[in-house]
Amino acid sequence: MKRKAITRLTIISFIVGLMIAIQYNTVKKPDSRDTRDIWEIRQELSEEKKKHSQLLSEIEKLKKLVIEYEESGKEEQAKVLENTVHQLREQAGLTKVTGPGVMLNIRPAEELILSGYEVEPISPNLLIRLVNEIYRFNGVYIEIDGQRVVFTTAIRDINGKTTVNGIPISNSNVDIKIITESMEDAKKLYSYLFASTFQDDFYLDNLNLVIHPAEEEITISEFHGEFTNTYIRKSEGE
Amino acid sequence: MWLPFLGLLLGLALGLLTDIQIPHAYENYLSIAVLAALDTIFGGIRANLQQVYDDKVFISGFFFNIALAIGLAFLGVHLGVDLYLAAVFAFGVRLFQNIAIIRRILIQKWEDRHVKKKETTV
């Protein structure tokens, strides 16, 4: 009888052990399953492809530059270097730029002002969102109310005034100029902005966002401030 | 007496090596079933030590407790009340009680043996 009991106890403890092990497995390794459907995967793939082609074209550009450096003589090398410096200055926003793009205009909604609403400064959050969206849709250079947006630009509220690069922007009439890579991009950006909810978002703040159709030539002024490099030091030379 | 532990180890090894997993939704049920099973096992060991062990009670208790615990958890899910906590509480308390009784019986036995040894040497 005792032996029989021990056998049964053994069988049951085996079952318990199995159950504990399964529970341990389940708790320890929650399987993170891929739940994306084919379209989501395709979309991701297309995004990666875009990145890929972007990188390839960048490599191509740099290769050309290398060849230019190598092939040019000593005198010409200075010229090539100058070119590069010019390009870098352009990228950093230190030069005037002209190109195809889109103009936006933010002004108080007149009908609301007439019926007694107050003109409020443009909210920095909204402006930041707009700038981010513009960059997302291939805007390259941006100027807000005469202030060039560069890498170090801060859009923020200072003492109740919305500032760009530390300089307050107008409450009543703000022009935003955007330059894109090509006219096609400019048209796309225009369509996107037109279809987006930005006009409604600005209207909530009693402002009208006017989006002008894409233009062939828009000029953006240079950045007037100074870049401060905290970490980069000038080389003393060899 | 070591056979049940061997069975437990065997079960653990088999489960870990085969890497069986259950769907996430049933995790709660399995955890409570494990608790119920542990309770039954310790109850069985206690009964065995107290010499009141009954095969039928043990086997039926094992399956009935598991079924009851899972049923309670299931009902709780559908009623929106965490009824499985009731099962966790009940089994938890009983587990501690059983283990305490087992410990006392084992200590008693060990002391008895000790006394007997002394008597024989004297």
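The values are calculated or read from the model by the stated rules, or taken from the named source; none is laboratory data. Since the structure is predicted, the reported quantities are computational estimates derived from the model, not experimental observations. Every residue, glycine as well, gets a Cβ built from its backbone with ideal geometry; the counts of neighbours run over all protein chains shown.
A few remarks follow.
- If only residues of the range B:1-25 that are under 16 Å from residue A:26 (Cα atoms), part of a helix (DSSP H, G or I) and at pLDDT below 85 are counted, the one that is farthest from the other protein chains (Cβ to nearest Cβ) is B:25.
- Identity of the residue in the range B:35-81, closer than 13 Å to residue B:4 by Cβ and of a type in the set (Ser, Thr, Tyr), that ends up surrounded by the most Cβ atoms within 10 Å (Cβ to Cβ): B:40
- Here residue B:40 clears all of (1) more than 10 Å from chain A (Cβ to nearest Cβ); (2) within 23 Å of residue A:24 (Cβ to Cβ) except the condition numbered (1).
- The residues of the range A:145-170 that are surrounded by 17 or more Cβ atoms within 10 Å (Cβ to Cβ), out of contact with any helix residue (DSSP H, G or I) (no Cβ under 6 Å at 6 or more places or on another chain) and among the polar types (S, T, N, Q), listed by number, are A:147, A:153, A:163, A:165.
- Among the numbered conditions (1) at pLDDT 85 or above; (2) among the basic types (Lys, Arg); (3) more than 27 Å from residue A:179 (Cα to Cα), the only one that residue A:64 does not meet is (3).
- Taken residue by residue, the range A:53-61 has at least one member that is part of a helix (DSSP H, G or I), small (Gly, Ala, Ser) and more than 7 Å from chain B (Cβ to nearest Cβ).
- Test: residue in the range B:52-73 that is at pLDDT below 85, under 18 Å from residue A:26 (Cα atoms) and either in a helix (DSSP H, G or I) or facing chain A (nearest Cβ under 10 Å) (or both): no
- Filtered by the rule that a residue be free of Cβ contacts under 8 Å to residues at least 60 places away in the same chain and more than 27 Å from residue A:94 (Cα to Cα), the range A:147-205 gives A:159, A:160, A:191, A:192, A:194, A:195, A:197, A:199, A:200, A:204.
- Complete set of residues in the range B:42-68 that are in contact with a helix residue (DSSP H, G or I) (Cβ under 7 Å, 6 or more places away or on another chain) and closer than 17 Å to residue B:89 by Cα: B:42, B:43, B:65, B:66
- Qualifying residue in the range A:79-95 (condition: outside the structural domain of residue A:192 (by TED's automatic domain parsing), of a type in the set (Lys, Arg), at pLDDT below 85 and touching an Asp or Glu at 6+ places or on another chain (Cβ under 7 Å)): no
- Total residues in the range A:134-175, condition in contact with a Leu (Cβ under 9 Å, 6 or more places away or on another chain) and within 14 Å of residue A:124 (Cα to Cα): 6
- In summary, residue A:86 fulfils each of the numbered conditions (1) within 14 Å of chain B (Cβ to nearest Cβ); (2) more than 30 Å from residue B:9 (Cα to Cα) with the single exception of condition (1).
- Residue check for residue B:106: aliphatic (A, V, I, L, M) and either touching a helix residue (DSSP H, G or I) at 6+ places or on another chain (Cβ under 7 Å) or over 20 Å from residue A:12 (Cα atoms) (or both): yes
- In the range B:105-118, the condition of being within 14 Å of chain A (Cβ to nearest Cβ) and assigned to a helix (DSSP H, G or I) is met by no residue.
- Among the residues examined, residue A:43 qualifies as closer than 30 Å to residue B:23 by Cβ and not in a loop (DSSP other than H, G, I, E, B).
- Lone unmet requirement of (1) within 25 Å of residue B:27 (Cβ to Cβ); (2) hydroxyl-bearing (Ser, Thr, Tyr); (3) touching a helix residue (DSSP H, G or I) at 6+ places or on another chain (Cβ under 7 Å) for residue A:35: (3)
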